[in-house]
Structures are given as structure tokens and as C-alpha cells.
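The values are calculated or read from the model by the stated rules, or taken from the named source; none is laboratory data. Given the structure is predicted, the values throughout are model-derived calculations rather than measurements. Note that each Cβ is placed from the backbone with ideal geometry, even for glycine, and that neighbours are counted across all protein chains shown.
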Amino acid sequence: MASERQSGSTATLARSLLDLCRSRKLTIATAESCTGGLVAGALTDIPGSSDVIDRGFVTYSNDAKRAMLGVETATLATFGAVSKETATQMAVGALERAGVDLAVAITGIAGPGGAVPGKPVGLVHFAVAARDGRITTHECRFGAIGRSAVRQRSVIEALRMLMEMARGPQATKPKRAAVSRIRPRVTRTARRHTGKARRPRG
């Protein structure tokens, strides 16, 4: 039952993302390690997705990350394959190589093995890069909930992050403090330079 609900929510989220990207004329590429192409699969399960989805990179090994996405050897050696830094370079590499508007990257430890000190089973790093230069990263620690569950939850998180990026940057309102400092100056200046006496009425 839980897996059925999760599949339903994944399909709904994928459809909503495609509709949003279609309306904004945005294209997507994926770069996946621990999910092995499941994000691209969830999106291309939806009919008509070809006008949004350009391609997917499945880069399971470090060699593939370097060769296909341009992840630096120094990054992998210093931070490891499962890290924010590697996820970021994966997303940027997919964005540049595919020439799309948005790219998402996922790298993690789905289990049951693969854990190392400081990096337990269920740790997944995500990154989304946009053509306009925006990059967001996120770390999830799903725990030892099972390989399939980690991968499915990672798909949902990747779709959610793509949705947020596709919506675009939020407009920020000017700070009240800045506005309040500007207005009194204008008023005081006007009063100082008012040297004319008032004419009597009538």
C-alpha cells in the first residue's frame, strides 16, 4: 500500500513539473548515481514529456562522473562521490553538456552496504542547477529504510527540488527600514528650502 501511494505521488509530482516547465518553456536533464535513472524514468513515464526532457546521465561509477559530467578528480578524492560538492559538479556538468535550462543530480548510499564513517546508509545529496546561474543543494538522511525506499524517496525529493527551481526566484520586497529612512529626508529637505511667506487669504 505504501509503495502504491508513493508511486502515485511520484507520478502526480512528475506531471505537475512537466506542466510547469512546459508553460515556461524549460528543458530538463538528469544526472543520477544511486537512483540509476529513476528520476528520468518517472518523468518519461508521462506521455508528451519529450518537449521538456532532453536526456539523462546515469553515472554510477566515479569514472563515469568524470568522463560524462566533468566531475573533478580532486573533488572525488577530497569529498567523495556522496557529497554536496560532487552533486553540484554533476548538476553543472549535466546542465552544460545538455544545454538545457535545469539539471538535477543525485548521489547517495541506498544500501544495504556502502556506508563509511560519517556517511551512513540512506545519506543522499541533491543539487539542481539552472541556466541563469542559480544552484540549490540539499542533503537527506533517510536512514536504513531499505534500498528501494531510499531510491523512491530520492526521486520525490529530486522532483520537488526541480519544481522549486522551475518556479523561479521569488521577488523580494524592499525592507521597511530602508523605506522609512528615505522618506523623512525628502520631507525635511523640502521644508528647509521653503523660504517664501504664506500669502494671506482673501
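Worth pointing out:
- Test: residue in the range 85-92 that is at pLDDT 95 or above, over 19 Å from S154 (Cβ atoms) and either buried (at least 16 other Cβ atoms within 10 Å of the Cβ) or of a type in the set (S, T, N, Q) (or both): yes
- One residue from G133, G80, G118 being within 12 Å of the chain's Cα centre (by Cα) and surrounded by fewer than 19 Cβ atoms within 10 Å (Cβ to Cβ): G133
- Any chance V52 is farther than 15 Å from A87 by Cβ, of a type in the set (V, I, T) and surrounded by 15 or more Cβ atoms within 10 Å (Cβ to Cβ): yes
- Taking (1) closer than 14 Å to E32 by Cβ; (2) among the small types (G, A, S); (3) surrounded by fewer than 24 Cβ atoms within 10 Å (Cβ to Cβ) in turn, G70 satisfies each apart from (1).
- Considering the conditions (1) within 13 Å of C34 (Cα to Cα); (2) in contact with a strand residue (DSSP E or B) (Cβ under 7 Å, 6 or more places away or on another chain), A103 is excluded by exactly one of them, (1).
- Tabulated pairs, the range 79-102, first under 14 Å from A130 (Cα atoms) and among the hydroxyl-bearing types (S, T, Y), second buried (at least 21 other Cβ atoms within 10 Å of the Cβ) and at pLDDT 95 or above, C-beta under 9 angstrom, 6+ apart or interchain: T88/A105; T88/H125; T88/A127; T88/A129
- Near pairs, Cβ below 9 angstrom, 6+ apart or cross-chain, from the range 143-166 (on the phi > 0 side of the Ramachandran plot) to any residue that is surrounded by fewer than 18 Cβ atoms within 10 Å (Cβ to Cβ) and not aromatic (F, W, Y): G143/P120; G146/P112
- Condition check for L13: in a helix (DSSP H, G or I) and surrounded by 16 or more Cβ atoms within 10 Å (Cβ to Cβ): yes
- D45 vs. criteria surrounded by fewer than 14 Cβ atoms within 10 Å (Cβ to Cβ) and of a type in the set (D, E): yes
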